[in-house]
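First up is the structure itself, then whatever we jot down about it.
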Amino acid sequence: MGSLDSLHHVSGWAAHDASGQVSPIGYTVRETGPNDVLIKVLFCGICHTDLHQLRNDYGASKYPMVAGHEVTGLVAEVGKDVKGFKDGDRVGVGCLVGSCHGCKPCKQDMEQYCPKRIWTYNDVSPDGRPTYGGFANFMIVDQSFVLKIPDNLPLDAAAPLLCAGITVYSPMKHFGMTEPGKRCGVIGLGGVGHMGVKFAKAFGLHVTVISTSPSKENEARLVLGADAFLLSTDEKQMQAAAQSLDYIIDTVPSPHPLDPYLALLDMNGKLIILGVVPSPLQFVTANIILGRRLIAGSFIGSIKETSEMLNFCVEKNVSCLIETIQADYLNKSMKRLEKNDVRYRFVVDIGKAFESKPQAS
Ligand code: NAP
Ligand code: ZN
Ligand code: ZN
């Protein structure tokens, strides 16, 4: 560990308890080690997982907590063994900043399933310090968890790709949900769900948004390009759509019955659960047995796959629909996210908050 002077002094916004309210905080992070990349954060998306964590929904939150895991910015400094990054490069960081590099998932380039994964925040770095996320002006990250952001992707709209984007791209690829013409439903038109619609369209699927919000129908069809819209609270609509889908991506963040959605799946249909629901979900087993349906889950994607996804976004012109906010709006934006009032991802303009004081020392 370096002397106090060689540590980087960082300013951010932290929650101090389960109210989730954030306020300014100052802290130090380790000096730039041989494999480290110091990143000047410019933008950070707000994922529903941030809300879950800030409010201690899973009972494992540690405070103070500097959240944020959809981070983009510029390289400010690199360690002596860093290959592939240099000062000024456009980069991003997602949900993880470390793994063991030796276990089976790590060796198969699926480090997100490493039992020793290190979360971007609410975790502990190998140097014993807490990890702090992207609601701050600087982050220091091992080079293996830093991604290059392609030049054609704007840094603000690219930020949510690093969690919301890869969270749907990865299972769609893994579970073979990419066959053009197949019918895909997306439950919940929020940050993750709207990326589900975008990727499903980019793969050539017929897309049905399954939503509790009638007010989202026009935008779903006209802006996001959905082919159909199903109001999940309307039983008649749901019954009329029975067995009409091959795949469903479920992004609901709170407890919900699975049976009405399973009924929408055709034979051999797949329901992929992405929402991290704090309590158990239930379903009637006959609803998967009689139809050979599959229920599975998936967690973000690897660095390799995220890099592939970023290139796919350039190729297919896919990006996130964002509402850019200033840092002083963080607490209000969390309240709005809780009330399902965001189209479709808040992205905090972190760089703007530090325009007059850009240096880490
Ligand atoms: P979000 O922006 O809040 O979107 C969730 C959407 O779900 C809402 O827009 C709403 O859409 C719908 N919804 C909300 N409450 C509902 C309810 N009670 N019943 C039915 N639908 C409801 O959240 P997000 O950032 O997309 O995250 C969604 C979930 O995925 C969270 O639990 C998050 O922790 C999790 N997540 C998981 C991963 C992973 O790797 N698996 C990665 C990122 C996030 P409508 O208005 O259209 O109904
Ligand atoms: Zn996330
Ligand atoms: Zn590992």
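Observations
- Test: residue in region 20-43 that is in contact with a Cys (Cβ under 6 Å, 6 or more places away or on another chain), in contact (Cβ under 8 Å) with a residue 24 or more places away in the chain, under 26 Å from Ile303 (Cβ atoms) and more than 16 Å from ligand 3 (Cβ to nearest atom): no
- For region 207-251, filtered to residues that are part of a strand (DSSP E or B) and not aliphatic (A, V, I, L, M), the residue that is nearest to ligand 1 (Cβ to nearest atom) is Ser211.
- Looking at Pro180, Pro130, just one residue is closer than 16 Å to Gly68 by Cβ, open to solvent by 50 Å² or more (accessible area, probe 1.4 Å) and more than 16 Å from ligand 1 (Cβ to nearest atom), and that residue is Pro130.
- Boolean, Met309 is of a type outside the set (Phe, Trp, Tyr), in contact with a Gly (Cβ under 8 Å, 6 or more places away or on another chain) and assigned by TED's automatic domain parsing to the domain that holds Val93: no
- Flag if Pro126 is modelled with pLDDT under 95 and either of a type outside the set (A, V, I, L, M) or under 27 Å from Arg30 (Cα atoms) (or both): yes
- Test: residue in region 30-41 that is within 15 Å of ligand 2 (Cβ to nearest atom), modelled with pLDDT of 95 or more and not in a strand (DSSP E or B): no
- Flag if Pro280 is open to solvent by 40 Å² or more (accessible area, probe 1.4 Å) and within 21 Å of the chain's Cα centre (by Cα): no
- Cross-chain or 6+ apart pairs with Cβ under 6 Å, region 170-192 first and on the phi > 0 side of the Ramachandran plot and assigned by TED's automatic domain parsing to the domain that holds Val209, then open to solvent by less than 40 Å² (accessible area, probe 1.4 Å) and in a loop (DSSP other than H, G, I, E, B): Gly188/Thr251; Gly188/Val252
- Checked against the criteria, Lys332 counts as in a helix (DSSP H, G or I) and either in contact with a Phe, Trp or Tyr (Cβ under 9 Å, 6 or more places away or on another chain) or open to solvent by 70 Å² or more (accessible area, probe 1.4 Å) (or both).
- Note on region 265-277: residues that are open to solvent by less than 80 Å² (accessible area, probe 1.4 Å) and either among the hydroxyl-bearing types (Ser, Thr, Tyr) or not in a loop (DSSP other than H, G, I, E, B) (or both) total 8.
- Contacts under 7 angstrom Cβ, first residue in region 44-68 being surrounded by fewer than 24 Cβ atoms within 10 Å (Cβ to Cβ), partner polar (S, T, N, Q), 6 or more apart: Ser61/Gln53; Ser61/Asn122; Lys62/Asn122
- Checking the stated criteria, Asp156 turns out not to satisfy the condition of being more than 16 Å from ligand 3 (Cβ to nearest atom), acidic (Asp, Glu), open to solvent by less than 60 Å² (accessible area, probe 1.4 Å) and modelled with pLDDT under 95.
- Number of the exception - Pro214 against (1) on the phi > 0 side of the Ramachandran plot; (2) out of contact with any helix residue (DSSP H, G or I) (no Cβ under 9 Å at 6 or more places or on another chain): (1)
- Within region 109-122, considering residues that are part of a loop (DSSP other than H, G, I, E, B) and open to solvent by 30 Å² or more (accessible area, probe 1.4 Å), the one farthest from Thr72 (Cα to Cα): Pro115
- Scanning region 86-108 for residues that are under 21 Å from His8 (Cβ atoms) and either open to solvent by 30 Å² or more (accessible area, probe 1.4 Å) or not assigned by TED's automatic domain parsing to the domain that holds Asp156 (or both) yields Lys86, Asp87, Gly88, Arg90.
The values are calculated or read from the model by the stated rules, or taken from the named source; none is laboratory data. Predicted model only: the values in this text are computed from it and were never measured. Please note: Cβ atoms are built from the backbone with ideal geometry, for glycine as well, and neighbour counts cover all protein chains shown. Accessible surface areas use protein heavy atoms only, side chains included; no ligands, DNA or RNA. Shrake-Rupley method; radii C 1.70, N 1.55, O 1.52, S 1.80 Å.
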